[in-house]
Each structure stands twice: as structure tokens, then as C-alpha cells.
Amino acid sequence: MRLSRLLLALTLVFIALLASGATFGAFRGVEGAAALFRSGPLVAFWILFAALLLFGAFYFKQLRRSPASLALHLGTLLILMGAMWGSADGHRLAEQYAGINKVPRGQMKLFQGETTNLVTPNVLSGAAAVAVKLPFSLHLNHFVVEYYDPWQLVAMAPPVTGPMSEATMRRETIPWHVGDQVSIPFTDARLEVVKYLEHAEPTYAEGDIPRLSLTTSEGQPATIVRAEVDQTVQLPQVAVRIVKVFGNMKVVPKKDKFETVDIPGAAENPALQVELKWPDGRTELRYVMAHFPMHGNNPNALVLHYLYPMPSGARPAGKGNPPAMEVVLRYKDQEQRQWLMPGPLDSSAWISLGQVLGLEGGGVPKNPMATPPPRLFMIQPTGSPVKHYISDISVMDAGKEAVRQVVEVNAPLHYGGYHFYQQSYDVHKKLFTILGVVSDTGLNLVYAGFILVVLGAFWRCWISPALGYLRQRGEHGD
Amino acid sequence: MAIKYTILGLIIYVAMAFYLAAGLALAGRRTGLGRVLFLLGFLVTTVGFGLRWHDAGHVPLQNMFEVFLCLGLLIYPISLFCRRVLRVGGEAADALLGVILLFPAGLVFHAEPQRLPPALQSPLFIPHVTAYMVSYVIMAKACVAAVAQLANRSVRSDGLLVHHEEAAYRMVLFGFPLLTLGLVLGAWWGKLAWGDYWSWDPKELWSLVSWLIFLGYLHVRYLDNRRHPRLGSILIILGLAAIIVTLLWVNLSRIFPGMHSYAS
């Protein structure tokens with residue numbers, strides 16, 4: 001058998017083996033197929049396949065004379081080479097022989113306002129994953145989940161009789177359209193939605209400041225006070241005093257202990273230091289942090305939360321920002337304009353109709369702690385399909401912001417030899433985002449291979465035959 | 001299986017009726033009537049596709065219902081192109097293929113429009129799926145020609161159409177770059193969406209198997225066609241079988257769990 005026919009027959013054998021392997025791999029599932037094609041015998045197969053492609057490109061004159069066929073074959077070769085170089089084994093060899101230390105793939109978990117350079121590498125099941133440091137950091141400015149359905153308006157009021165709890169609160173969704181006036185359930189008041197901004201950023205009244213929210217374990221509504229030094233709240237069991245207000249709290253080592261300091265600049269970690277004092281004289285210092293709401297909180301005892309200032313208005317903003325709604329509330333001869341806009345960590349915004357319109361709780365004897373007035377909520381729709389989940393990321397390199405980009409599915413961030421993908425997020429409370437981290441080693445070869453394979457296929461199968469046909473027609477004088 | 005008592009369901013059934021009538025007319029050598037009925041079936045399917053597009057709010061290529069509606073739409077223009085440009089016959093079979101392609105949309109898969117999840121909101125969504133849909137219809141036509149070649153059927157025409165083996169070759173030649181484009185666009189999209197241009201997903205593996213079979217066919221034809229024309233036809237039939245597995249079995253069977261669950 002001539003060598004050319006032997007090589008072509010061998011090519012057919014390789015194609016058949018690869019097709020058979022792919023068929024077998026499909027039945028084994030993703031992990032089984034991945035393990036199969038990365039196993040020793042298959043690595044040898046890939047290398048021999050690549051060698052066959054390379055040899056064929058040199059041996060077959062017809063192949064070299066046909067740019068389209070050459071593109072197809074070399075493109076396939078480039079894809080194989082890029083894939084091998086970018087694989088986990090390829091990274092290991094690069095580290096071993098060239099000193100190139102990159103994480104092939106991993107994950108980063110970021111809370112809003114947090115900066116980190118730690119990547120948890122993907123490892124085989126059963127192996128321990130040791131976090132690796134990147135030479136630069138990522139900072140999560142903002143994280144938002146958007147739903148297809150617009151935010152809902154919900155009226156909430158305490159029960160007419162009986163004890164008040166989460167389960168007994170009355171709720172009713174208010175259908176709304178911009179410009180329509182509707183009744184507010186449980187009240188004689190009416191509301192009109194005058195503006196709805198799908199993406200908005202808040203504006204604040206001059207002098208408005210954050211607040212501290214205190215909730216006890218007895219399920220009483222929260223007490224909310226302005227976050228000012230020496231602001232004191234006397235609760236039945238304990239007195240709480242604000243000791244210090246941080247714009248950007250950091251913990252720094254000092255001699256042989258750690259100290260909390262306020263670092264000027266971007267408000268990455270707004271916080272309050274509060275002192276709790278019990279009747280028996282015991283005291284405790286606690287930190288209340290905006291971006292770490294569960295820190296130090298015991299749901300069975302006193303729960304303290306940092307609340308951002310209430311927005312006095314809103315203006316349109318880019319994708320990734322929450323919505324805002326301006327409503328006009330009418331009751332008897334009163335008319336009040338209010339903005340509903342969630343804070344940076346919130347999935348709802350609310351107005352107390354008691355504070356705004358002087359409404360009281362329904363039917364229960366007057367007691368501000370036990371019978372809160374009805375409230376109007378703007379909340380994210382439950383059960384609506386997710387439209388986007390978006391992370392507004394800054395890359396911090398050498399202490400400066402090098403890049404800022406909104407990362408979402410289909411729009412990764414590319415920096416420093418890595419791609420960062422919007423992979424997942426905290427589904428329950430939306431406190432953190434999870435970015436997939438993938439090294440870009442070998443990717444340019446793969447992309448170059450893709451282009452060559454596609455161009456080669458179209459040229460070989462469409463353009464060359466069409467040109468040949470036109471040439472024939474021209475020769476026959478048609 | 002269930003009959004759809006909706007406007008869109010009715011449109012699909014009318015289109016199927018036109019395609020069936022066209023197939024029978026063309027098979028009975030009533031060419032003029034058959035072609036008119038075939039065109040009418042296409043126009044009705046186009047109305048259905050447009051209606052679905054309006055209801056869904058995006059190009060309807062997301063789930064199995066929409067995919068088969070699209071396939072039923074594509075059969076007529078592809079048949080026309082193959083006849084006029086590639087000189088490939090088989091119009092009657094094409095019309096009957098249209099009935100088969102619309103059948104799952106009309107009677108099997110449910111029709112509720114769905115919102116696009118974040119991963120499908122990509123400019124690559126439409127070209128990736130469309131390239132595959134066009135190539136699938138072409139390869140199905142090639143398979144019909146391959147079967148006719150194996151059955152030694154002669155070409156019924158005025159002499160302007162090529163014989164079945166050449167017809168199958170021309171259609172594979174036309175469809176193969178689109179199959180390649182679909183595969184590459186899918187890999188590129190996977191890289192942008194999930195970080196992997198190849199993740200050994202069963203859908204990806206069966207797509208690769210389909211592509212490799214047709215690649216093998218082209219190599220066999222280059223190497224040995226004069227000696228083994230029937231081998232090429234068998235490969236084309238195997239290739240279509242792999243396409244059917246890729247399109248249907250992978251999406252619907254629990255044997256193949258993977259990321260491509262959108263279309264199920």
C-alpha cells in the first residue's frame with residue numbers, strides 16, 4: 001500500500017477512534033469523560049494525532065497546495081496544542097520546567113465592598129484545596145440580581161387581633177402602573193406611582209447619616225437611631241451606646257495585638273463600635289459592620305445592623321443598580337411624595353405609613369412597640385426568573401484601580417492572564433458573589449485554530465467548488 | 001402527545017397538512033401543484049414562527065418546541081436551494097420531511113414561551129443554533145439521498161439533477177462547514193459563558209461525534225469513493241443517527257445529564 005493511502009487510512013482510524021471515544025465518554029458523564037480523555041493512553045493518542053496532522057501537512061503536496069485544506073489541518077493542530085498547553089497538566093509542566101506559576105482554574109468568593117486576591121483552586125475530589133494568591137486583587141463594588149418581573153408593591157399591617165408575629169402579619173400585593181392611583185390595603189390611604197427607574201442610584205439629603213438598628217429576640221420591631229457618637233438606646237435588658245463611627249474600618253497589627261482604625265478613602269467597610277451595658281455592670285464592645293451583617297450577631301439575642309442613610313431621591317444609573325420608585329401618598333387632606341429605593345445590601349425598601357401619614361396600627365390598643373402602623377414595601381418579585389446577576393468589579397493592582405468592569409454571564413473580565421466569570425452567587429441573601437477564575441494559557445492558540453478550521457471548511461466546501469464551477473462555465477462559454 | 005388547541009397549534013397543523021399534500025402531489029408527479037402547496041406550507045410555518053417570536057419576546061430557538069418549529073420552517077428554502085443551486089432532487093421527500101419535523105412541535109413538546117436565562121443572553125445564541133439547524137436539515141436531506149443510493153433508486157428528473165451519490169456528497173459538502181461553524185461557535189460561547197470552550201458535556205461529545213462522522217465521510221470519499229460508494233452512504237446515515245441523538249436523546253434522556261438542559 002502506498003504511504004499516502006496508508007496515512008489516509010490511518011487518519012480514518014484516528015477519526016473512528018476519537019468518535020468511539022466520544023461516544024463512550026458521553027455515556028460516562030462529564031467527569032467520567034474528562035477523566036477518560038485526560039488519562040495516559042488518551043494523552044498518547046492526542047500526541048500521535050497531532051503528529052499525524054503535522055506529518056500529513058508536510059507530506060501531502062495536495063494539502064500544501066490547497067490553503068483551505070491546510071488551514072483545516074493546521075487549525076485542528078493549533079486547537080490540540082492550545083488545549084494541551086492550557087490543561088492542568090500543561091500548567092504543571094510549565095511550573096516545573098519554566099517556573100510559570102499560574103492557577104489553571106479556581107473560584108473567588110467576594111462580599112460586597114470586599115477586596116481579595118485569594119483564589120481557591122479546583123482540585124480533584126478528595127484533595128484539599130489550598131488558596132493561592134494572585135499578584136493583583138479584585139474588589140466587589142456592587143452586586144445585583146435582576147429579575148424579569150418588575151419589583152412588587154406590598155402593603156403589610158399587623159393582625160387585627162391576636163399576637164403579632166411574622167406569620168400573622170397581613171400582606172397584600174398592590175398592582176401598580178406608573179400614573180395610576182390605587183388604594184393601599186388595610187388603610188384608607190391611596191398611592192400613585194409617579195416614577196419607576198429600572199436602574200437607579202440614590203441621592204441623599206445633606207446631613208443624612210447612617211443608622212443603627214436594634215432587634216431583640218422577643219420579635220419586637222427594630223429600634224432605629226442615627227449613628228452618632230454617644231447615641232444611646234435603653235432597651236429592657238441592656239443599654240446600647242455608640243462609641244465610634246468608622247467610615248472605613250480596618251484591623252491592623254500593632255506591636256503584639258490588633259487595633260481597629262479608620263482608613264480614609266473609599267468606604268469599603270463602614271462600621272460602628274457599640275458598647276453594651278447590662279444592669280449588673282457587665283459591658284461588652286461589639287462591632288456592627290455594613291457588609292458583614294451576621295458578624296457578632298446571635299439571632300437568639302440582641303441583633304444589631306448597620307443601616308445606610310435613607311435616600312432622599314434617586315437618579316437613573318447604569319445596569320447593575322437596583323430600581324427606585326417615587327410614589328405620592330394621599331390620606332385625608334395630606335399628600336406626601338416619597339422614594340422607595342433599596343440600600344446597597346437590601347432586596348426591599350419600605351416606608352412606614354405611620355411616620356409619613358400618621359396612620360396607626362389596625363385595631364390594637366395604642367402601643368408603639370407592639371402595634372406598628374402599616375408599611376409599604378417595594379420588594380423583589382419572588383419566583384420571577386432571573387434576568388441577570390451582575391458584579392461590578394475593580395481590579396486593584398499596585399494599590400491603584402487598574403480596571404473597572406461589570407462582570408456578568410457572557411461578559412467575563414480579562415486581566416493579568418486570567419478570565420473572571422460571573423459563576424454564581426449567594427442565592428438566599430445575595431451577600432456574596434462567586435467568580436470563576438480561569439487561566440488564559442493556550443487560549444490564543446485555540447482561538448487561532450477555531451478561525452482557521454472555520455475558514456478552511458467554508459473555503460474548501462463552498463468557495464472552491466463554486467469557483468471551480470464558475471471556471472467550468474466560463475470555459476464552456478455558458 | 002397532545003393536540004394543541006391554540007392559534008399556534010392550529011397554524012402548525014395547517015402547515016403540516018400543506019406539507020403532506022405537497023409531498024403526495026410531488027410523489028404523484030403533480031409538480032406544479034406540489035410546489036405551490038410546499039410554498040404555502042412554508043408561508044404558514046413562517047407566520048407561526050413569527051407569532052411565537054412575538055409571544056416569546058426573543059428569537060424562538062430556546063426549547064425543543066421552538067427548535068422543531070424552526071426546522072419545519074427551514075425545509076422549504078433549503079429544498080429550493082438544493083434543487084436550484086446544487087441540482088439535487090428529492091422534493092417529495094423534502095415535503096414529507098417537513099411533516100416529520102413539524103410533528104414534534106405540533107404534538108409532542110409543550111409550547112409555553114420561556115424567558116431567556118442569563119447564559120442564553122448572548123449574541124452567539126442565534127448564529128450557533130441557526131448554523132446547527134440549517135446543517136441538520138441539509139444532512140437529513142443527504143441521508144435521504146444516501147438511502148436512495150443504497151436502494152439503487154434512479155433519479156427522476158428532466159436530466160438536470162445529479163444522481164443520488166453525487167447529491168449526497170454535494171449536500172454534505174454544503175452542510176459540513178455549517179456543522180463546523182455550529183461546533184466552533186458553541187465552543188466560543190461556552191468559553192464566554194462558563195469559562196470552558198470544551199467541558200466534555202454529553203451534548204458537546206455527541207456534536208463532536210456527528211462532526212467526526214461527516215469528516216470521516218469526506219476522507220473516505222477522497223480516498224476510496226470509486227471503490228466503496230456504499231460505504232459513504234452508510235456513513236451519512238450514521239451521521240444523521242448521531243445528529244438525532246445529539247438533538248433528541250441527549251436533551252430528553254436522563255442518561256446524559258449536562259449543561260445543555262435549556263432545550264428540554
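Values quoted throughout were computed directly from the atomic coordinates according to the rules given, and no laboratory measurement underlies them. Given the structure is predicted, the values throughout are model-derived calculations rather than measurements. A quick note on method: Cβ atoms are made from the backbone with ideal geometry, for glycine too, and the neighbour counts reach across all protein chains shown.
Just a few scattered comments:
- Under the span-like rule (Cα at least 24 Å along the axis, Kyte-Doolittle mean at least -1.0), DSSP H helices of chain A: A:3-37, A:40-59, A:67-86
- Inter-chain shielding of B:108-118 (mean C-beta neighbours from other protein chains, 10 Å cut-off): 3
- Within a Gaussian network of chain B (alpha carbon springs, distance under 10 Å), most fluctuating of B:Ser122, B:Ser233, B:Ser210: B:Ser122
- Inter-probe distance in nm under a simple model that places probes 7 Å from Cα toward Cβ, at B:Leu39 and B:His219: 4.5 nm
- Here the peptides A:283-292, B:137-146, A:405-414, A:243-252 are ranked by packing, the mean other Cβ count within 10 Å, and the order with the highest first is B:137-146, A:405-414, A:283-292, A:243-252.
- Sorted peptide list for A:100-110, A:29-39, criterion being average Cβ within 10 angstrom, highest first: A:100-110, A:29-39
- Between B:Arg29 and A:Ile209, the C-beta separation translates, for a Förster distance of 60 Å, into a calculated FRET efficiency of about 0.10.
- Candidate membrane-span-like segments in chain B, meaning DSSP H helices with Cα atoms spread over at least 18 Å of their own axis and a Kyte-Doolittle mean of 1.6 or above, are B:7-27, B:91-107, B:229-244, with no membrane implied.
- Look at A:Phe14, B:Phe65 and count the other Cβ atoms within 10 Å of each Cβ; fewest to most, that gives A:Phe14, B:Phe65.
- Too-long pairs where the Cα-Cα distance tops 21 Å, listed order kept, from A:Lys387/A:Lys430; A:Lys102/A:Lys429; A:Lys109/A:Lys250; A:Lys102/B:Lys191; A:Lys109/A:Lys429; A:Lys102/A:Lys133: A:Lys102/A:Lys429
- R0 of 51 Å, Cβ-Cβ distance A:Tyr148-A:Val252: FRET efficiency to nearest 0.05: 0.70
- Likely footprinting exposure, B:Trp200, B:Trp188, fewest C-beta neighbours within 10 Å first: B:Trp188, B:Trp200
- Computed per residue of the protein assembly as shown from DSSP H runs no shorter than four, each worth -39500 (n - 2.57), the mean residue ellipticity at 222 nm is -14000 deg cm²/dmol.
- Sites A:Leu12 and A:Thr232, calculated FRET efficiency, Cβ-Cβ separation with R0 56 Å, nearest 0.05: 0.10
- Candidates B:Val172, B:Val36, B:Val67: whichever shows maximal mean-square fluctuation once chain B is modelled as a Gaussian network with Cα springs under 10 Å: B:Val36
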